[in-house]
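Engineer: Handing you this structure, nothing more for now.
The values are calculated or read from the model by the stated rules, or taken from the named source; none is laboratory data. In this text, all values refer to a predicted model and were calculated from it rather than measured experimentally. Here the Cβ positions follow ideal geometry from the backbone for every residue, glycine too, while neighbour counts run over all protein chains shown. In case anyone asks, the SASA skips ligands and DNA or RNA and just uses the protein heavy atoms, side chains included. Shrake-Rupley method; radii C 1.70, N 1.55, O 1.52, S 1.80 Å.
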Amino acid sequence: MNRLILAAALVAPLALSACASTTESNTGRTATEQLLLARAADRAAEGLILPIAQGSRIFVDDVYFRVDSGAYAVSAIRSALSDAGYRLSTDRNQADAIFEIRAGALSLEQMRRVVGLPEMRVPINENLNVVSLPELSVYSRRDRIGVAEFSGFLYDARTGAPLGAVSPMIGRYRIRSHKALMIVGWGQQSANPGERDPGSSWKEF
C-alpha cells in the first residue's frame with residue numbers, strides 16, 4: 001500500500017506538468033514580407049486608366065508577368081481595371097483589346113542606418129577565416145520596403161494594331177523600426193494584416 005502511495009506521488013507531478021505543442025508550417029517568405037509586397041502591388045495598380053474608352057472589354061495577358069507574388073499583383077491590376085469601368089474578358093477572342101502587362105520589380109528592399117559601429121566580418125589570417133564583430137551602436141534604424149513597378153501596352157484584339165501604352169505604375173510600402181543602445185526598440189516591427197497606412201514609426205512603441 002505504501003508503495004502504491006509513493007508511486008502515485010511520483011506520477012502526479014508528471015501529469016500536472018504535461019504540456020501541448022503545435023506545429024507551424026514554414027513558407028518561403030514571412031507574413032510581413034508577403035504583406036509588404038501585397039501593399040506595394042495594391043498601390044502600384046491604384047487608379048490605373050487605359051487609353052481606351054471605358055466599358056471596353058479587356059483581356060489581361062500576363063504571360064510575361066513572371067515574379068514572386070505575381071498572381072496577387074495580376075489580380076490587383078484586374079481589380080483596378082474593373083474599378084475604372086472596364087469590362088474584364090476571360091477569352092482574348094471575345095475582347096476588344098489585349099492589355100499585355102509586365103513587371104519591372106516586385107520585391108523587397110532593406111536599409112539600415114547606424115550611429116556607431118555596424119556589424120562587421122573581419123579576416124583574421126591568410127586563409128580568409130573571419131570573425132564576426134557585433135554591432136555597437138547608440139542608435140539604429142531599419143527600413144523594410146515593398147517595391148512594385150508594372151507597365152504594359154494595349155493592342156486591338158482582332159487586328160493587333162497598337163492602342164497605346166501605360167507608363168510605369170509604381171508603388172511602395174514601408175515599415176520602419178528604431179533601436180537605441182541596442183536594447184530599446186520601437187516603431188513598426190511587422191506589417192499588420194489589413195493595414196493600409198503604417199502610420200508614424202516615432203509614435204509606436
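Engineer: Working from the alpha-carbon coordinates of the chain, get Rg over Rh, Rh being the Kirkwood radius.
Structural biologist: The Rg/Rh ratio comes out at 1.24.
Engineer: THR90: accessible area at probe 1.4 Å, nearest 10 Å²?
Structural biologist: About 130 Å², ignoring ligands and nucleic acids.
Engineer: Could you sort MET169, MET111 by their accessible area in this structure, using a 1.4 Å probe and putting the largest first? Could you put the intermediate results ahead of the total?
Structural biologist: On the way: MET169 15, MET111 90 Å².
The residues order as MET111, MET169, largest area first.
Engineer: Just to be sure I understand the model, the point goes 7 Å from the Cα along the line to the Cβ. What's the resulting GLU109 to ASN125 distance in nm?
Structural biologist: Taking the two extended label points, one gets 4.2 nm.
Engineer: Turning to a different aspect of this structure: Under the 0.36 nm per residue contour assumption, what length would be gained going from the current alpha-carbon distance of TRP202 and LEU136 to full extension?
Structural biologist: Separation in residues times 0.36 nm, less the Cα-Cα distance, equals 21.6 nm.
Engineer: Apply the membrane-span-like helix rule to the chain: whole DSSP H runs, Cα extent along the own long axis of at least 15 Å, mean Kyte-Doolittle hydropathy at least 1.6. List the helices found.
Structural biologist: Both cut-offs are met by 2-16.
Engineer: Only helical DSSP H runs with n ≥ 4 go in: add -39500 (n - 2.57) per run for the chain, normalise by residue count and round the 222 nm mean residue ellipticity to 500 deg cm²/dmol.
Structural biologist: -7000 deg cm²/dmol
Engineer: Taking H as built 1.01 Å from N, whose amide H comes closer than 5 Å to the amide H of LEU163, not counting residues under 5 places away?
Structural biologist: The answer is LEU154, TYR155, ASP156.
Engineer: Let me ask something else about it. Compute the relative contact order of segment 95-205 as a whole-number percentage, counting only Cα pairs closer than 8 Å that sit 6 or more residues apart in sequence.
Structural biologist: Values: 226 pairs, mean separation 27.8, N = 111.
Here the relative contact order equals 25 percent.
Engineer: Enter the accessible area of ASP197 (Å², nearest 10), with the probe set to 1.4 Å and all protein chains included.
Structural biologist: Answer for ASP197: close to 110 Å² accessible.
Engineer: Of the GluC sites (Glu not before Pro) in segment 109-205, which ones lie in a loop per DSSP and count no more than 15 other C-beta atoms within 10 Å? Don't jump to the answer; show the numbers that get you there.
Structural biologist: Numbers: sites: GLU109, GLU119, GLU126, GLU135, GLU149, GLU195, GLU204; in loops: GLU119, GLU126, GLU135, GLU195, GLU204.
Listed in order of number, the matching sites are GLU119, GLU126, GLU135, GLU195, GLU204.
Engineer: How large is the accessible surface of VAL138 in square angstrom, using a 1.4 angstrom probe and rounding to the nearest 10?
Structural biologist: Answer for VAL138: close to 90 Å² accessible.
Engineer: With every protein chain kept in the model, how would you rank TRP202, TRP186 by accessible area, 1.4 Å probe, largest at the top?
Structural biologist: TRP202, TRP186
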